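Below is one structure; the comments refer to it alone.
The values are calculated or read from the model by the stated rules, or taken from the named source; none is laboratory data. Since we're looking at a predicted model, the values are computed, not measured. Note: ideal-geometry Cβ built from the backbone for every residue, glycine included; neighbour counts use all protein chains shown. When the accessible area is computed, the model is the full protein with side chains, heavy atoms only, and any ligands, DNA or RNA have been set aside. Shrake-Rupley method; radii C 1.70, N 1.55, O 1.52, S 1.80 Å.
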Amino acid sequence: MDFSLTRDQKMIRDVVYEFAQQEIAPKAAYIDKSGEFPAEIMKKLADMDLMGLPFPEQYGGAGADYISYCLALEEITRACASTGITYEAHISLGCAPIYLFGSEEQKKKYLTMLCSGESIGSFGLTEPEAGTDAGGTKTTAVLDGDTWVINGGKCFITNASYAKFVTITAVTDKSRGKRGISAILVPTDTAGFTIRASYEKMGLHGSNTTELFFDDVRVPKENLVGKENEGFKQFLQVLDGGRIAIGAMAVGIAQACLDASLKYAQERVQFGQSISKFQAIQFKLADMAANVELARLMYLKAAWLKDNDKPCTKEASIAKLFASETATKAALEAIQIHGGYGYMKEFPVERYLRDAKLLEIGEGTSEVQRMVIARLLGC
Ligand code: CAA
(Lines give C-alpha, C1' and ligand atoms only; values in the text may rest on other atoms or scores of the structure.)
Protein backbone atom coordinates (compact mmCIF):
# COMPACT_ATOMS: atom_id res chain seq x y z
CA MET A 1 0.00 0.00 0.00
CA ASP A 2 1.43 3.35 -1.04
CA PHE A 3 0.21 6.41 0.88
CA SER A 4 2.42 8.92 -0.91
CA LEU A 5 0.97 11.53 -3.23
CA THR A 6 2.19 11.68 -6.83
CA ARG A 7 4.40 14.55 -7.97
CA ASP A 8 1.43 16.20 -9.69
CA GLN A 9 -0.83 15.85 -6.65
CA LYS A 10 1.83 17.39 -4.39
CA MET A 11 2.50 20.17 -6.83
CA ILE A 12 -1.19 21.10 -7.12
CA ARG A 13 -1.61 21.02 -3.32
CA ASP A 14 1.49 23.16 -2.75
CA VAL A 15 0.64 25.73 -5.43
CA VAL A 16 -2.90 26.07 -4.10
CA TYR A 17 -1.64 26.25 -0.50
CA GLU A 18 0.67 29.16 -1.36
CA PHE A 19 -2.05 30.95 -3.31
CA ALA A 20 -4.70 30.35 -0.64
CA GLN A 21 -2.52 31.56 2.22
CA GLN A 22 -1.32 34.64 0.36
CA GLU A 23 -4.39 35.70 -1.59
CA ILE A 24 -7.46 34.15 0.03
CA ALA A 25 -6.80 33.92 3.79
CA PRO A 26 -6.23 37.69 4.25
CA LYS A 27 -9.67 38.34 2.70
CA ALA A 28 -11.61 35.67 4.62
CA ALA A 29 -12.70 37.88 7.54
CA TYR A 30 -13.83 40.62 5.14
CA ILE A 31 -15.79 38.13 3.01
CA ASP A 32 -17.49 36.82 6.16
CA LYS A 33 -18.34 40.29 7.43
CA SER A 34 -19.43 41.85 4.17
CA GLY A 35 -21.07 38.78 2.62
CA GLU A 36 -19.28 39.69 -0.61
CA PHE A 37 -19.17 36.88 -3.18
CA PRO A 38 -15.52 35.93 -3.87
CA ALA A 39 -15.81 36.74 -7.60
CA GLU A 40 -12.26 38.10 -7.89
CA ILE A 41 -10.82 34.98 -6.29
CA MET A 42 -12.84 32.78 -8.67
CA LYS A 43 -11.36 34.73 -11.56
CA LYS A 44 -7.87 34.09 -10.23
CA LEU A 45 -8.66 30.39 -9.81
CA ALA A 46 -9.73 30.40 -13.47
CA ASP A 47 -6.42 32.08 -14.44
CA MET A 48 -4.65 29.26 -12.59
CA ASP A 49 -6.62 26.65 -14.61
CA LEU A 50 -8.34 25.38 -11.47
CA MET A 51 -11.97 25.88 -12.49
CA GLY A 52 -11.95 22.64 -14.48
CA LEU A 53 -9.26 20.90 -12.44
CA PRO A 54 -10.54 17.29 -12.55
CA PHE A 55 -11.99 17.36 -16.08
CA PRO A 56 -10.34 16.41 -19.39
CA GLU A 57 -8.30 18.97 -21.29
CA GLN A 58 -10.54 18.57 -24.35
CA TYR A 59 -13.26 20.45 -22.43
CA GLY A 60 -10.86 23.05 -21.08
CA GLY A 61 -10.14 21.17 -17.86
CA ALA A 62 -6.72 20.51 -16.35
CA GLY A 63 -6.96 16.71 -16.61
CA ALA A 64 -6.09 16.17 -12.94
CA ASP A 65 -7.60 13.47 -10.74
CA TYR A 66 -10.24 13.83 -8.03
CA ILE A 67 -7.59 13.47 -5.31
CA SER A 68 -5.80 16.57 -6.64
CA TYR A 69 -9.07 18.49 -6.72
CA CYS A 70 -9.87 17.49 -3.13
CA LEU A 71 -6.40 18.51 -1.95
CA ALA A 72 -6.83 21.89 -3.66
CA LEU A 73 -10.29 22.27 -2.12
CA GLU A 74 -8.94 21.46 1.36
CA GLU A 75 -6.35 24.21 1.03
CA ILE A 76 -8.84 26.76 -0.32
CA THR A 77 -11.29 26.00 2.49
CA ARG A 78 -8.53 26.12 5.12
CA ALA A 79 -8.08 29.74 4.02
CA CYS A 80 -11.77 30.67 3.51
CA ALA A 81 -14.75 28.32 3.68
CA SER A 82 -17.05 30.68 1.72
CA THR A 83 -14.60 30.48 -1.16
CA GLY A 84 -14.25 26.73 -0.63
CA ILE A 85 -17.97 26.01 -0.89
CA THR A 86 -18.27 28.23 -3.97
CA TYR A 87 -15.49 26.27 -5.65
CA GLU A 88 -16.87 22.92 -4.43
CA ALA A 89 -20.40 23.59 -5.70
CA HIS A 90 -18.93 24.76 -9.01
CA ILE A 91 -16.90 21.58 -9.60
CA SER A 92 -18.70 18.79 -7.74
CA LEU A 93 -22.28 19.88 -8.38
CA GLY A 94 -22.15 22.28 -11.33
CA CYS A 95 -19.64 20.64 -13.67
CA ALA A 96 -20.02 16.98 -12.63
CA PRO A 97 -23.57 16.27 -13.92
CA ILE A 98 -22.62 17.53 -17.38
CA TYR A 99 -19.32 15.66 -17.38
CA LEU A 100 -20.87 12.41 -16.15
CA PHE A 101 -24.16 12.41 -18.04
CA GLY A 102 -24.16 15.20 -20.64
CA SER A 103 -24.02 14.58 -24.38
CA GLU A 104 -20.83 15.40 -26.27
CA GLU A 105 -22.50 18.59 -27.53
CA GLN A 106 -23.48 19.64 -24.00
CA LYS A 107 -19.95 18.99 -22.76
CA LYS A 108 -18.47 21.08 -25.57
CA LYS A 109 -20.89 23.91 -25.00
CA TYR A 110 -21.50 23.97 -21.26
CA LEU A 111 -18.66 22.12 -19.55
CA THR A 112 -16.15 24.20 -21.51
CA MET A 113 -17.90 27.36 -20.30
CA LEU A 114 -17.54 26.16 -16.70
CA CYS A 115 -13.94 24.96 -16.98
CA SER A 116 -12.84 28.32 -18.38
CA GLY A 117 -14.59 30.16 -15.55
CA GLU A 118 -16.89 31.98 -18.01
CA SER A 119 -19.74 30.70 -15.87
CA ILE A 120 -19.83 29.38 -12.31
CA GLY A 121 -21.46 25.97 -11.94
CA SER A 122 -24.74 25.49 -10.09
CA PHE A 123 -27.06 22.58 -9.37
CA GLY A 124 -30.65 22.58 -8.19
CA LEU A 125 -32.09 19.58 -6.38
CA THR A 126 -33.45 20.71 -3.00
CA GLU A 127 -37.00 22.04 -2.72
CA PRO A 128 -39.01 23.30 0.24
CA GLU A 129 -40.72 19.90 0.47
CA ALA A 130 -37.88 17.79 -0.89
CA GLY A 131 -34.80 18.14 1.29
CA THR A 132 -33.58 14.86 2.78
CA ASP A 133 -36.37 13.18 0.79
CA ALA A 134 -34.88 14.45 -2.46
CA GLY A 135 -37.07 12.01 -4.42
CA GLY A 136 -40.10 14.05 -3.31
CA THR A 137 -39.34 16.67 -5.98
CA LYS A 138 -42.41 18.73 -6.93
CA THR A 139 -41.00 20.86 -9.76
CA THR A 140 -42.40 19.61 -13.06
CA ALA A 141 -41.20 19.64 -16.65
CA VAL A 142 -43.75 18.87 -19.33
CA LEU A 143 -42.92 18.42 -23.00
CA ASP A 144 -44.74 20.79 -25.33
CA GLY A 145 -43.56 19.78 -28.81
CA ASP A 146 -39.81 20.24 -28.68
CA THR A 147 -39.83 22.34 -25.53
CA TRP A 148 -39.78 21.53 -21.81
CA VAL A 149 -42.13 23.75 -19.84
CA ILE A 150 -40.90 23.96 -16.25
CA ASN A 151 -42.89 25.04 -13.21
CA GLY A 152 -41.96 24.97 -9.54
CA GLY A 153 -39.09 26.09 -7.37
CA LYS A 154 -35.87 25.18 -5.58
CA CYS A 155 -34.30 26.34 -2.32
CA PHE A 156 -30.83 26.60 -0.73
CA ILE A 157 -29.15 26.64 -4.14
CA THR A 158 -25.46 27.55 -4.26
CA ASN A 159 -23.93 29.86 -6.92
CA ALA A 160 -27.05 30.38 -9.10
CA SER A 161 -26.79 34.20 -9.16
CA TYR A 162 -23.35 33.89 -10.80
CA ALA A 163 -24.21 31.02 -13.15
CA LYS A 164 -25.21 31.23 -16.81
CA PHE A 165 -27.27 28.06 -16.36
CA VAL A 166 -28.36 25.69 -13.60
CA THR A 167 -28.87 21.93 -13.96
CA ILE A 168 -32.07 21.15 -12.08
CA THR A 169 -34.25 18.15 -11.35
CA ALA A 170 -37.91 18.08 -12.34
CA VAL A 171 -40.64 15.47 -12.48
CA THR A 172 -41.13 14.41 -16.09
CA ASP A 173 -43.33 11.38 -15.39
CA LYS A 174 -45.63 11.80 -12.38
CA SER A 175 -46.76 8.18 -12.46
CA ARG A 176 -43.24 6.92 -11.64
CA GLY A 177 -42.54 8.88 -8.43
CA LYS A 178 -38.80 9.34 -7.82
CA ARG A 179 -38.15 7.19 -10.89
CA GLY A 180 -39.87 9.83 -13.02
CA ILE A 181 -37.42 12.66 -12.33
CA SER A 182 -35.11 14.08 -15.01
CA ALA A 183 -32.18 16.51 -15.05
CA ILE A 184 -32.59 19.57 -17.25
CA LEU A 185 -30.20 22.40 -17.98
CA VAL A 186 -31.85 25.80 -17.63
CA PRO A 187 -30.10 29.03 -18.74
CA THR A 188 -30.55 31.61 -16.00
CA ASP A 189 -31.68 34.32 -18.44
CA THR A 190 -34.69 32.28 -19.64
CA ALA A 191 -38.02 34.11 -19.35
CA GLY A 192 -39.95 33.04 -16.23
CA PHE A 193 -36.80 31.98 -14.31
CA THR A 194 -36.28 34.09 -11.17
CA ILE A 195 -33.42 33.84 -8.70
CA ARG A 196 -33.91 35.36 -5.28
CA ALA A 197 -31.13 35.79 -2.70
CA SER A 198 -33.22 36.05 0.44
CA TYR A 199 -31.41 34.04 3.11
CA GLU A 200 -29.62 35.34 6.16
CA LYS A 201 -27.23 32.56 7.07
CA MET A 202 -25.32 31.65 10.21
CA GLY A 203 -22.04 31.28 8.29
CA LEU A 204 -20.51 30.92 4.83
CA HIS A 205 -21.61 34.49 4.24
CA GLY A 206 -19.68 34.92 1.01
CA SER A 207 -21.34 31.91 -0.57
CA ASN A 208 -24.29 32.74 -2.81
CA THR A 209 -27.40 30.88 -1.61
CA THR A 210 -30.68 31.46 -3.38
CA GLU A 211 -34.21 30.33 -4.12
CA LEU A 212 -35.12 29.55 -7.72
CA PHE A 213 -38.60 30.02 -9.18
CA PHE A 214 -39.81 28.59 -12.49
CA ASP A 215 -42.95 30.06 -13.98
CA ASP A 216 -43.64 28.44 -17.38
CA VAL A 217 -39.92 28.40 -18.13
CA ARG A 218 -39.38 27.02 -21.64
CA VAL A 219 -36.14 25.33 -22.67
CA PRO A 220 -35.38 23.14 -25.70
CA LYS A 221 -35.95 19.40 -25.46
CA GLU A 222 -32.21 18.79 -25.99
CA ASN A 223 -31.45 20.44 -22.63
CA LEU A 224 -32.27 17.12 -20.97
CA VAL A 225 -29.08 15.89 -19.26
CA GLY A 226 -28.64 12.12 -19.41
CA LYS A 227 -31.60 9.80 -19.78
CA GLU A 228 -35.19 10.86 -19.24
CA ASN A 229 -36.52 9.76 -15.81
CA GLU A 230 -33.05 8.87 -14.52
CA GLY A 231 -32.32 12.26 -13.00
CA PHE A 232 -32.67 11.21 -9.36
CA LYS A 233 -30.20 8.34 -9.65
CA GLN A 234 -27.82 10.59 -11.60
CA PHE A 235 -27.95 13.22 -8.90
CA LEU A 236 -27.30 10.65 -6.16
CA GLN A 237 -24.21 9.61 -8.10
CA VAL A 238 -23.18 13.25 -8.44
CA LEU A 239 -23.65 13.61 -4.68
CA ASP A 240 -21.21 10.74 -4.05
CA GLY A 241 -18.50 12.97 -5.51
CA GLY A 242 -19.89 16.01 -3.71
CA ARG A 243 -19.76 14.24 -0.35
CA ILE A 244 -16.09 13.34 -0.79
CA ALA A 245 -15.43 16.99 -1.56
CA ILE A 246 -17.37 18.16 1.49
CA GLY A 247 -15.12 15.79 3.48
CA ALA A 248 -12.09 17.60 2.05
CA MET A 249 -13.62 20.99 2.88
CA ALA A 250 -14.28 19.87 6.44
CA VAL A 251 -10.67 18.77 6.82
CA GLY A 252 -9.66 22.23 5.60
CA ILE A 253 -11.69 23.88 8.38
CA ALA A 254 -10.51 21.39 11.02
CA GLN A 255 -6.89 21.97 9.96
CA ALA A 256 -7.44 25.73 10.21
CA CYS A 257 -8.78 25.20 13.75
CA LEU A 258 -5.66 23.24 14.63
CA ASP A 259 -3.36 25.84 13.03
CA ALA A 260 -5.00 28.71 14.92
CA SER A 261 -5.23 26.82 18.22
CA LEU A 262 -1.62 25.65 18.21
CA LYS A 263 -0.38 29.14 17.39
CA TYR A 264 -2.53 30.71 20.09
CA ALA A 265 -1.63 28.06 22.68
CA GLN A 266 2.09 28.60 22.05
CA GLU A 267 1.79 32.39 22.34
CA ARG A 268 -0.64 32.70 25.22
CA VAL A 269 1.00 32.81 28.63
CA GLN A 270 -0.91 32.05 31.85
CA PHE A 271 0.47 31.02 35.24
CA GLY A 272 3.91 31.98 33.96
CA GLN A 273 4.07 29.62 30.98
CA SER A 274 2.72 29.07 27.52
CA ILE A 275 -0.67 27.36 27.77
CA SER A 276 0.60 24.73 25.28
CA LYS A 277 2.56 23.33 28.24
CA PHE A 278 -0.66 22.41 30.06
CA GLN A 279 -1.85 18.87 29.52
CA ALA A 280 -5.50 20.00 29.28
CA ILE A 281 -4.61 22.03 26.18
CA GLN A 282 -2.18 19.44 24.82
CA PHE A 283 -4.85 16.72 24.88
CA LYS A 284 -7.29 18.94 22.98
CA LEU A 285 -4.63 19.68 20.34
CA ALA A 286 -3.64 16.01 20.13
CA ASP A 287 -7.26 14.88 19.65
CA MET A 288 -7.75 17.56 17.02
CA ALA A 289 -4.61 16.46 15.15
CA ALA A 290 -5.62 12.77 15.32
CA ASN A 291 -9.09 13.45 13.95
CA VAL A 292 -7.80 15.75 11.19
CA GLU A 293 -5.43 13.03 10.07
CA LEU A 294 -8.12 10.33 10.13
CA ALA A 295 -10.63 12.49 8.28
CA ARG A 296 -8.03 13.33 5.64
CA LEU A 297 -7.16 9.66 5.14
CA MET A 298 -10.83 8.85 4.69
CA TYR A 299 -11.57 11.47 2.04
CA LEU A 300 -8.38 10.50 0.22
CA LYS A 301 -9.45 6.85 0.24
CA ALA A 302 -12.91 7.73 -1.09
CA ALA A 303 -11.38 9.99 -3.77
CA TRP A 304 -8.95 7.22 -4.71
CA LEU A 305 -11.86 4.80 -5.16
CA LYS A 306 -13.64 7.35 -7.34
CA ASP A 307 -10.51 7.95 -9.42
CA ASN A 308 -10.23 4.21 -9.95
CA ASP A 309 -13.90 3.82 -10.97
CA LYS A 310 -14.66 1.68 -7.93
CA PRO A 311 -17.87 1.97 -5.91
CA CYS A 312 -17.42 4.76 -3.36
CA THR A 313 -20.92 5.59 -2.07
CA LYS A 314 -20.32 4.20 1.44
CA GLU A 315 -16.81 5.65 1.70
CA ALA A 316 -18.02 9.05 0.46
CA SER A 317 -20.65 9.09 3.20
CA ILE A 318 -18.14 7.97 5.85
CA ALA A 319 -15.71 10.68 4.72
CA LYS A 320 -18.36 13.40 4.85
CA LEU A 321 -19.87 12.22 8.13
CA PHE A 322 -16.59 11.87 10.01
CA ALA A 323 -14.89 14.94 8.57
CA SER A 324 -17.84 17.30 9.03
CA GLU A 325 -18.43 16.21 12.63
CA THR A 326 -14.67 16.49 13.22
CA ALA A 327 -14.70 20.07 11.87
CA THR A 328 -17.51 21.17 14.19
CA LYS A 329 -15.83 19.55 17.20
CA ALA A 330 -12.48 21.06 16.26
CA ALA A 331 -14.05 24.51 15.98
CA LEU A 332 -15.71 24.19 19.39
CA GLU A 333 -12.40 23.10 20.95
CA ALA A 334 -10.55 25.87 19.12
CA ILE A 335 -12.89 28.42 20.72
CA GLN A 336 -12.36 26.79 24.11
CA ILE A 337 -8.57 26.94 23.75
CA HIS A 338 -8.82 30.63 22.80
CA GLY A 339 -11.01 31.28 25.86
CA GLY A 340 -12.73 34.68 25.82
CA TYR A 341 -10.85 35.67 22.68
CA GLY A 342 -12.31 32.67 20.88
CA TYR A 343 -15.76 34.16 21.30
CA MET A 344 -14.69 37.43 19.70
CA LYS A 345 -14.69 38.21 15.98
CA GLU A 346 -11.12 39.44 16.31
CA PHE A 347 -10.00 35.78 16.08
CA PRO A 348 -11.12 33.50 13.23
CA VAL A 349 -12.27 30.51 15.28
CA GLU A 350 -15.87 31.65 15.86
CA ARG A 351 -16.17 31.91 12.04
CA TYR A 352 -14.81 28.39 11.70
CA LEU A 353 -17.62 27.11 13.92
CA ARG A 354 -20.33 28.96 11.96
CA ASP A 355 -18.90 27.75 8.65
CA ALA A 356 -18.25 24.16 9.78
CA LYS A 357 -21.83 23.55 10.90
CA LEU A 358 -23.17 23.69 7.35
CA LEU A 359 -20.99 20.76 6.37
CA GLU A 360 -23.02 18.49 8.67
CA ILE A 361 -26.15 19.58 6.76
CA GLY A 362 -25.47 20.39 3.07
CA GLU A 363 -25.24 17.64 0.44
CA GLY A 364 -27.00 15.29 2.83
CA THR A 365 -27.18 15.69 6.60
CA SER A 366 -25.14 13.52 8.97
CA GLU A 367 -28.34 11.51 9.42
CA VAL A 368 -28.53 10.89 5.65
CA GLN A 369 -24.90 9.74 5.65
CA ARG A 370 -25.68 7.33 8.50
CA MET A 371 -28.71 6.06 6.53
CA VAL A 372 -26.59 5.49 3.42
CA ILE A 373 -23.86 3.72 5.42
CA ALA A 374 -26.38 1.55 7.30
CA ARG A 375 -28.13 0.55 4.06
CA LEU A 376 -24.80 -0.41 2.51
CA LEU A 377 -23.96 -2.46 5.60
CA GLY A 378 -27.03 -4.47 4.65
CA CYS A 379 -29.54 -3.09 7.16
N1 CAA B 1 -25.45 6.27 -7.04
C2 CAA B 1 -26.25 5.81 -8.05
N3 CAA B 1 -27.52 5.38 -7.83
C4 CAA B 1 -27.97 5.43 -6.56
C5 CAA B 1 -27.20 5.89 -5.48
C6 CAA B 1 -25.88 6.31 -5.75
N7 CAA B 1 -25.10 6.77 -4.78
N8 CAA B 1 -27.93 5.80 -4.34
C9 CAA B 1 -29.11 5.29 -4.69
N10 CAA B 1 -29.15 5.06 -6.03
C11 CAA B 1 -30.27 4.54 -6.83
C12 CAA B 1 -30.96 3.38 -6.14
O13 CAA B 1 -30.33 2.15 -6.50
C14 CAA B 1 -32.36 3.48 -6.69
O15 CAA B 1 -32.34 2.94 -8.01
P16 CAA B 1 -33.62 2.22 -8.67
O17 CAA B 1 -34.57 3.33 -9.01
O18 CAA B 1 -33.06 1.58 -9.90
O19 CAA B 1 -34.16 1.26 -7.66
C20 CAA B 1 -32.57 4.98 -6.80
O21 CAA B 1 -31.26 5.57 -6.88
C22 CAA B 1 -33.30 5.59 -5.63
O23 CAA B 1 -32.58 5.25 -4.45
P24 CAA B 1 -33.27 5.03 -3.04
O25 CAA B 1 -34.51 4.23 -3.22
O26 CAA B 1 -32.22 4.54 -2.11
O27 CAA B 1 -33.66 6.53 -2.70
P28 CAA B 1 -34.39 7.13 -1.41
O29 CAA B 1 -35.56 7.91 -1.87
O30 CAA B 1 -34.60 6.09 -0.37
O31 CAA B 1 -33.33 8.23 -0.92
C32 CAA B 1 -31.47 9.15 0.26
C33 CAA B 1 -32.10 7.92 -0.41
C34 CAA B 1 -30.10 8.67 0.68
C35 CAA B 1 -32.24 9.61 1.48
C36 CAA B 1 -31.37 10.31 -0.77
O37 CAA B 1 -32.63 10.84 -1.07
C38 CAA B 1 -30.48 11.42 -0.30
O39 CAA B 1 -29.26 11.33 -0.44
N40 CAA B 1 -31.09 12.52 0.26
C41 CAA B 1 -30.32 13.72 0.60
C42 CAA B 1 -30.28 14.64 -0.57
C43 CAA B 1 -29.18 15.63 -0.51
O44 CAA B 1 -28.03 15.30 -0.23
N45 CAA B 1 -29.49 16.88 -0.83
C46 CAA B 1 -28.55 17.96 -0.89
C47 CAA B 1 -28.45 18.47 -2.30
S48 CAA B 1 -27.48 19.90 -2.49
C49 CAA B 1 -28.48 21.05 -3.34
O50 CAA B 1 -29.47 20.79 -3.92
C51 CAA B 1 -28.16 22.47 -3.34
C52 CAA B 1 -26.82 23.01 -3.48
O53 CAA B 1 -26.53 23.88 -4.30
C54 CAA B 1 -25.76 22.59 -2.49
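Between the residues G203, Q106, Y17, the greatest Cα displacement towards the positive end of the dipole of the chain, with unit charges on the Cβ of Lys, Arg, Asp and Glu, is found for G203. The range 280-354 and the range 36-75 have Cα centres spaced 23 Å apart.
Given +1 at the Cβ of Lys and Arg, -1 at the Cβ of Asp and Glu and no other charges, the dipole of the range 173-269 around its Cα centre is 340 debye to the nearest 20. Holding the Cα-Cα limit at 26 Å, pick out from K154/K306; K233/K329; K301/K357; K263/K345 the pairs that are longer than that. Result: K154/K306; K233/K329 exceed 26 Å. Nonpolar atom fraction for the chain, defined as the carbon and sulfur part of the 1.4 Å probe accessible area, stands at 53 percent. With the simple spin-label model, which puts each label point 7 Å out from Cα in the Cβ direction, the F278 to R218 separation comes to 7.0 nm. Taking packing as the residue-averaged number of other Cβ atoms within 10 angstrom, the listed peptides 7-16, 157-166 run from highest to lowest as 157-166, 7-16.
Highest mean packing first, where packing is the average number of other Cβ atoms within 10 Å per residue, the peptides 268-279, 218-229 line up as 218-229, 268-279.
Per-residue ellipticity at 222 nm computed for the chain from its helices equals -15500 deg cm²/dmol, with DSSP H segments shorter than 4 residues left out and the rest contributing -39,500 (n - 2.57).
Computed about its Cα centre, the charge dipole of the chain is approximately 700 debye, with only Lys, Arg, Asp and Glu carrying charge at their Cβ. Three semi-axes describe the equivalent ellipsoid of the range 12-89; taken as square roots of 5 times the Cα gyration tensor eigenvalues and ordered largest first, they are 22, 12, 10 Å. Computed over the Cα atoms of the range 119-229, pair by distinct pair, the Kirkwood hydrodynamic radius stands at 14.0 angstrom. Placing R0 at 25 angstrom, the Cβ-Cβ distance between E104 and L143 gives a FRET efficiency of 0.65 after rounding to 0.05.
Take the range 274-379 with all the other protein chains still there, run a 1.4 Å probe, and you get 51 Å² of accessible area per residue.
Gain on full extension, evaluated as 0.36 nm per residue between S161 and D287 minus their Cα-Cα distance, stands at 41.4 nm. Simple point charges give the picture: +1 on the Cβ of Lys and Arg, -1 on the Cβ of Asp and Glu, and for the range 90-247 a dipole about the Cα centre of about 300 debye.
Given the options C70, L50, I91, identify the residue whose Cα lies farthest towards the positive end of the charge dipole of the range 22-125 (+1 on Cβ of Lys, Arg; -1 on Cβ of Asp, Glu). Highest projection toward the positive end goes to I91.
Dividing the mean sequence gap of close Cα pairs (under 8 Å, 6+ apart) by how many residues the chain holds gives a relative contact order of 16 percent. For the range 24-159, the per residue solvent-accessible surface stands at 36 Å², with DNA, RNA and ligands left out and a 1.4 Å probe.
All C-alpha pair distances within the chain, sorted into 20 Å bins from zero, spread as 30, 57, 13, 1 percent across the bins. A compact globular protein would have a Cα radius of gyration near 2.2 N^0.38 Å; the ratio found for the range 51-128 is 1.07.
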